[in-house]
Amino acid sequence: MQNGIIELISEDRIESPGAREIDARGRFIAPGFIDIHIHGGGDSDFMDGTIEAYLNIAETHAKYGTTGMFPTTLSGKWEDFINTLEIYEEAKEENRKGAKFLGIHIEGPYLAMSQKGAQDPRYIRPPDPEEYKYVLRKYPFVKRWSIAPELPGALEFGTYMRLHGVLPAIAHTDAIYEEVVKAHEVGYSLATHFYSAMSGVTRKNAFRYAGAVEATYLLDAMDVEIIGDGVHLPGSLLQYILKVKGTDRTALITDAMRAAGMPEGPSILGTKEDGLEVIVEDGVAKLPDRSSFAGSVATMDRTVRTLMKETHVSMVEAVKMASLVPARIMKIDRTKGSLTRKKDADIILFDDDIQVSMTMVEGKIIYEKN
Ligand SMILES: [Zn+2]
């Protein structure tokens with residue numbers, strides 16, 4: 001490789017004066033994981049709004065094989081939200097030991113109250129054109145926005161996002177099939193944490209309606225992202241998703257909150273001052289009354305491991321769902337997502353249990369075990 005780019009892939013010995021040789025010693029060599037939905041880790045949340053939080057999350061997840069990520073915001077105070085966006089570029093500049101920041105993913109606050117999950121209801125509201133236009137104008141690194149497509153103004157929102165190169169995704173939604181079809185027509189092409197906070201079949205006055213889940217299955221060009229912690233979705237649903245959507249349309253995500261990479265116990269979803277108290281147990285964050293999950297504590301290695309354990313997919317396919325598929329969904333697969341000549345040297349080494357022992361971002365080793 002040269003300047004962080006893969007120059008040549010060969011089974012023969014390559015002569016390259018001055019280059020460092022890395023012996024994988026029987027480990028697997030794979031493209032780094034790309035997490036397109038992640039809120040935190042290592043006891044930090046992107047909504048903390050500090051450079052340290054950004055760097056801590058990037059470094060925590062790099063130890064588990066993530067080489068690129070889309071920092072994700074939650075529905076929260078306007079000032080907190082804007083603050084997180086304001087410092088993004090400085091955090092990106094200072095980030096030398098962590099997974100690379102590839103753009104911001106905004107989740108909410110334009111969500112269905114009835115599907116709020118762990119999003120703070122105080123801030124949930126319908127799309128406000130003045131507000132989202134301002135955000136895109138001011139922060140061109142926003143690359144994805146997840147909202148409920150049935151809300152008033154959601155179709156105009158989707159059209160506007162597409163026009164500005166931002167991926168609109170359906171999330172925290174009570175939409176029926178027909179509403180998702182309309183949203184898909186204007187550009188919504190991804191289902192955010194598929195199945196979580198999402199409508200299925202409902203009945204109104206004896207008549208049955210297909211929901212967002214069924215619409216996502218039926219629309220061939222809809223991609224899905226799934227929380228691969230083995231808790232949010234049981235093995236049966238993982239198999240069902242792969243049977244219908246296939247491995248090329250299914251991306252693995254962590255949707256991790258701050259407790260990822262931390263011991264289990266009490267934690268907070270969102271900012272430390274204004275967030276929701278949660279409890280981490282059974283490998284997942286829950287609301288204190290245990291009525292709902294409140295984000296995952298997964299890392300990308302765990303999502304790959306879960307898929308291999310719970311479904312029939314091979315290691316190669318599971319890794320693809322954590323690298324090339326998310327890269328393609330976010331339109332960065334020209335430079336990232338696979339080990340190919342002229343792509344970025346985002347490379348990881350792991351054993352047959354996906355325990356990561358080296359992480360390289362654009363040719364620089366940022367993590368090495370021992
Ligand atoms: Zn999320």
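The values are calculated or read from the model by the stated rules, or taken from the named source; none is laboratory data. Keep in mind the model is a prediction, meaning the values are calculated, not measured. Because the Cβ atoms are built from the backbone with ideal geometry, glycine has one as well, and the counts that use them run over all protein chains shown. Surface accessibility is based on the protein's heavy atoms, side chains included, excluding ligands, DNA and RNA. Shrake-Rupley method; radii C 1.70, N 1.55, O 1.52, S 1.80 Å.
Per the listing R258, R249, the residue uniquely basic (K, R), within 16 Å of the ligand (Cβ to nearest atom) and in contact (Cβ under 8 Å) with a residue 12 or more places away in the chain is R258.
Restricting attention to the stretch 1-15, report how many residues are open to solvent by less than 100 Å² (accessible area, probe 1.4 Å) and either among the charged types (D, E, K, R) or within 18 Å of D344 (Cβ to Cβ) (or both). Give the derivation first.
Kept after step one, since they are open to solvent by less than 100 Å² (accessible area, probe 1.4 Å), are these residues of the stretch 1-15: 4-8, 10, 14.
The next check asks that each one be either among the charged types (D, E, K, R) or within 18 Å of D344 (Cβ to Cβ) (or both); those that pass are 4-8.
Within the stretch 1-15, residues that are open to solvent by less than 100 Å² (accessible area, probe 1.4 Å) and either among the charged types (D, E, K, R) or within 18 Å of D344 (Cβ to Cβ) (or both) number 5.
Taking each residue of the stretch 174-194 that is under 22 Å from K204 (Cβ atoms) and looking for partners that are away from the ligand (no atom under 16 Å from the Cβ) and aromatic (F, W, Y) with beta-carbon atoms closer than 6 Å, six or more apart or interchain, yields I176/Y209. Every test in (1) of a type in the set (S, T, N, Q); (2) closer than 25 Å to E59 by Cβ; (3) open to solvent by less than 20 Å² (accessible area, probe 1.4 Å); (4) more than 16 Å from the ligand (Cβ to nearest atom) is passed by T299 save one, and that test is (4).
Please determine whether any residue of the stretch 310-318 is assigned to a loop (DSSP other than H, G, I, E, B), closer than 23 Å to Y240 by Cα and polar (S, T, N, Q). Yes; the residues of the stretch 310-318 include at least one that is assigned to a loop (DSSP other than H, G, I, E, B), closer than 23 Å to Y240 by Cα and polar (S, T, N, Q).
In this structure, is D333 under 19 Å from L102 (Cβ atoms), open to solvent by 20 Å² or more (accessible area, probe 1.4 Å), without any contact (Cβ under 8 Å) to a residue 40 or more places away in the chain and charged (D, E, K, R)? Yes: the conditions hold for D333. When each of S292, S323 is tested for being buried (at least 24 other Cβ atoms within 10 Å of the Cβ) and either among the basic types (K, R) or touching a residue at least 24 places away in the same chain (Cβ under 8 Å) (or both), the lone residue that passes is S323.
Only one of the numbered conditions (1) closer than 25 Å to I354 by Cβ; (2) surrounded by fewer than 15 Cβ atoms within 10 Å (Cβ to Cβ); (3) not hydroxyl-bearing (S, T, Y) is not met by L218, and that is (1). Considering the conditions (1) more than 30 Å from E52 (Cβ to Cβ); (2) of a type in the set (V, I, T); (3) buried (at least 22 other Cβ atoms within 10 Å of the Cβ), T311 is excluded by exactly one of them, (3).
Of all residues in the stretch 343-370, those satisfying the criterion of being farther than 24 Å from F141 by Cβ and either basic (K, R) or not in a loop (DSSP other than H, G, I, E, B) (or both) are I347, I348, L349, F350, V356, S357, M358, I365, Y367, E368, K369. In the stretch 24-83, the qualifying residues are those that are away from the ligand (no atom under 16 Å from the Cβ), buried (at least 24 other Cβ atoms within 10 Å of the Cβ) and aromatic (F, W, Y), and the one that is nearest to the chain's Cα centre (by Cα) is F33. Restricting the stretch 120-157 to residues that are touching a residue at least 60 places away in the same chain (Cβ under 8 Å) and open to solvent by 10 Å² or more (accessible area, probe 1.4 Å), the residue that is nearest to Y188 (Cα to Cα) is K143. When the strands (runs of 3 or more DSSP E) confined to the stretch 213-278 are screened for residues that are of a type in the set (S, T, N, Q) and under 21 Å from G49 (Cβ atoms), those reaching at least 1 such residues are found at 265-269.
When I241 is tested against the conditions (1) within 16 Å of the ligand (Cβ to nearest atom); (2) open to solvent by less than 70 Å² (accessible area, probe 1.4 Å); (3) under 20 Å from the mean Cα position of the chain (by Cα), the lone failure is (1). Annotation for the stretch 152-159: no member residue is within 16 Å of the ligand (Cβ to nearest atom) and hydrophobic (A, V, I, L, M, F, W, C). Of the residues in the stretch 174-189, not one is of a type in the set (G, A, S), within 16 Å of the ligand (Cβ to nearest atom), open to solvent by less than 10 Å² (accessible area, probe 1.4 Å) and under 30 Å from A318 (Cα atoms). Within the stretch 339-358, the residues that satisfy the criterion of being open to solvent by 10 Å² or more (accessible area, probe 1.4 Å), more than 15 Å from M69 (Cα to Cα) and of a type outside the set (A, V, I, L, M) are T340, R341, K342, K343, D351, D352, D353, Q355, S357.
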